[in-house]
1. At a threshold of 8 angstrom on Cα-Cα distance, excluding pairs fewer than six apart, so keeping six or more, what relative contact order does region 1-49 reach in percent?
2. What is the distance, in nm, between label points placed 7 Å from the Cα along the Cα-to-Cβ direction at Arg59 and at Val34?
3. Counting only other residues whose beta carbon sits under 15 Å from that of Leu45, what net charge do I get with K and R as +1, D and E as -1?
4. To the nearest 20 debye, what charge dipole does region 22-68 have about its Cα centre, counting +1 at the Cβ of each Lys and Arg and -1 at the Cβ of each Asp and Glu?
5. If packing is taken as the mean number of other Cβ atoms within 10 Å per residue, what is the order of 5-11, 117-123, 75-81, 18-24, highest first?
Amino acid sequence: MTRVAVMVIHGLGMQKEDYADKLIACLSKELDRVMVLPGAAQQMLDIEPVFWADVFEEREEVLFQQLVRSPGLNYQALRRFVIHYLADAVAYQPVENQGHHYDAVHRTLNLAMHALAQRNGTEASALCGCS
């Protein structure tokens with residue numbers, strides 16, 4: 001029986017480490033439902049959620065605290081949104097001499113892909129999804 005290796009990658013913004021739990025439960029339940037074999041998901045499915053939000057979190061939080069403490073500034077919810085969503089997109093862009101954030105995210109993804117490959121071997125099917 002061919003195993004299916006799935007890597008789930010979260011989107012931009014403030015993410016929790018358990019962001020993929022519901023998706024994993026739904027995929028497992030659905031595979032068990034469509035396959036006649038009891039416990040098919042456990043036998044056939046290996047899901048690796050990749051959490052990379054922590055690459056930017058510390059610097060984004062420092063920036064947010066600096067902006068919140070500025071006297072007379074409002075719209076704190078909007079500021080938090082801009083910092084944690086748009087800043088991810090900006091920080092992720094590779095820079096000629098300083099691509100360390102870009103590289104750190106890709107290093108995290110590479111480690112997850114390597115772990116999936118080690119656990120499932122060359123015969124596994126691979127899927128990649130974003131949550």
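1. It comes to 61 percent, rounded to a whole number.
2. Label at Arg59, label at Val34, 4.1 nm between them.
3. In short, -2.
4. Dipole size: approximately 340 debye.
5. Ranked by mean Cβ neighbours within 10 Å, highest first: 5-11, 18-24, 75-81, 117-123.
Laboratory data are not the source of any read-out in this text; all were calculated from the coordinates shown. None of these values were measured; they are calculated from a predicted model. Cβ coordinates were reconstructed from backbone atoms using ideal geometry, including for glycine residues, and neighbour counts include every protein chain displayed.
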